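See structure below.
The values are calculated or read from the model by the stated rules, or taken from the named source; none is laboratory data. Since the model is a prediction, treat every value here as computed from it, not as a measurement. All Cβ positions, even for glycine, are placed from backbone atoms using ideal geometry, and neighbour counts span all protein chains on display. Ligands, DNA and RNA are stripped out before the accessible areas are found, and what is left, the full protein with its side chains, is counted by its heavy atoms. Shrake-Rupley method; radii C 1.70, N 1.55, O 1.52, S 1.80 Å.
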Amino acid sequence: MDLHAVLHQVAAALAGERLGDADQLIGLRRAGLDGGRRRGGRPGGRRAPRLGGGRSRAGSAGRAVAAAGPAATVPVSRAEGTVIIAMDVSNSMAATDVAPSRLDAAKQAAIRFAHAQPGSVNVGVVAFQNGGLTTHQPSADRAAAEAAINRLSVTGGTSLAGAILTSLSAITGRTVAPGRDGAVPDLGYWGSATIVLFSDGQDGGSPEATEAAAQAAQAAGVRVETVGIGTPAGGVVEVDGYQLHTALDEQTLTAIADTTGGAYHPASDAPELDDVASTIDLRLTTRKEDLPLAGAFIAGAVLLLAAGAVLTVLRTGRVV
């Protein structure tokens, strides 16, 4: 019921109360009990319980409004959308310059980040090395997201382009891949989606492919928030019997974030990783929702009716 109808209900309730009061007053006068002036001009009897009656009329009006089932349309901010946690599982993530290892530290931070999101945000998980693989489709199931992250282990090389394209596939629900000319087809607009990419920035793919993937995300309205795992000094990992030095590549991760309108978040130690959830700013979408008001009117009506009854008893000495 709209506001005009509710106001008509209130007016009718108040008019009914006034008519009832008038009828009651006429009856009292006919019975000689109206509290009018006695002979000699001196006032006699008691005044009608005006204050208590006012409370009762307000209470009746509140009941009428509650019966009308009023609802207001108000803007309510809700964090809605999709977040893809893209995890680098390449061999370089086994380095221990971030304890206990880059991957283990990233997994702990990613799990905390997933649980920090509101229930209205769907969280998915993508693992990437030479290519990308969606290990958990976006959903509100945080336990499943945590399990998918915990199953990750290091293997293979790194393709940051594959990470972004696989994340876009999880967001859009269709396979996203570049054409023969290297361009990614139009994906539509997904402005409420964000990719949070945990990586050391070591990229085995071509810079051109990574830039093209970042531009595809930007065209779709998808921000990529990059989280740098590692230190500029780096560490040593063993791959196929060889000792390889690996260091954090902040420049590549910053470029991806800048292209998509996101931000780069350095995390060279555990305390910085603990703060990742609070530094990543997800988009809030604002929508209008019907907010029921009947409960508030009912509570107010009950209080006003009770107050009216108490005042009537105090002024007249009668319950009715």
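Structure values in brief
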| item | result |
| --- | --- |
| Extreme residue, most open to solvent (accessible area, probe 1.4 Å), among residues of the stretch 257-271 that are part of a helix (DSSP H, G or I) and modelled with pLDDT under 80 | Pro271 |
| Gly179 more than 19 Å from Ser90 (Cβ to Cβ), free of Cβ contacts under 8 Å to residues at least 60 places away in the same chain and open to solvent by 20 Å² or more (accessible area, probe 1.4 Å) | yes |
| Complete set of residues in the stretch 194-228 that are farther than 15 Å from Gly132 by Cβ, open to solvent by 60 Å² or more (accessible area, probe 1.4 Å) and in a loop (DSSP other than H, G, I, E, B) | Gln202 |
| Single residue of the stretch 153-176 satisfying the filter (open to solvent by 50 Å² or more (accessible area, probe 1.4 Å) and over 23 Å from Ala140 (Cα atoms)) that is nearest to the chain's Cα centre (by Cα) | Ser153 |
| Positions within the stretch 142-158 being of a type in the set (A, V, I, L, M, F, W, C) and touching a residue at least 12 places away in the same chain (Cβ under 8 Å), in sequence order | Ala145, Ala148, Ile149, Leu152, Val154 |
| Residue selected from the stretch 229-253 under the condition within 16 Å of Ala86 (Cβ to Cβ) and assigned to a helix (DSSP H, G or I), by the criterion least open to solvent (accessible area, probe 1.4 Å) | Leu253 |
| Positions within the stretch 85-109 being of a type in the set (Gly, Ala, Ser) and assigned to a strand (DSSP E or B), in sequence order | Ala86 |
| Those residues of the stretch 110-155 which are assigned to a helix (DSSP H, G or I) and either farther than 23 Å from Pro271 by Cβ or charged (D, E, K, R) (or both), in sequence order | Arg112, Arg142, Ala143, Ala144, Ala145, Glu146, Ala147, Ala148 |
| Answer from Gly241, Gly204, Gly234 - the residue that is on the phi > 0 side of the Ramachandran plot and touching a residue at least 60 places away in the same chain (Cβ under 8 Å) | Gly234 |
| Inter-residue pairs, beta-carbon under 7 Å, first closer than 17 Å to Gly188 by Cβ and in the stretch 207-220, second among the small types (Gly, Ala, Ser), 6+ apart | Ala213/Ala161; Gln218/Gly261; Ala220/Gly188 |
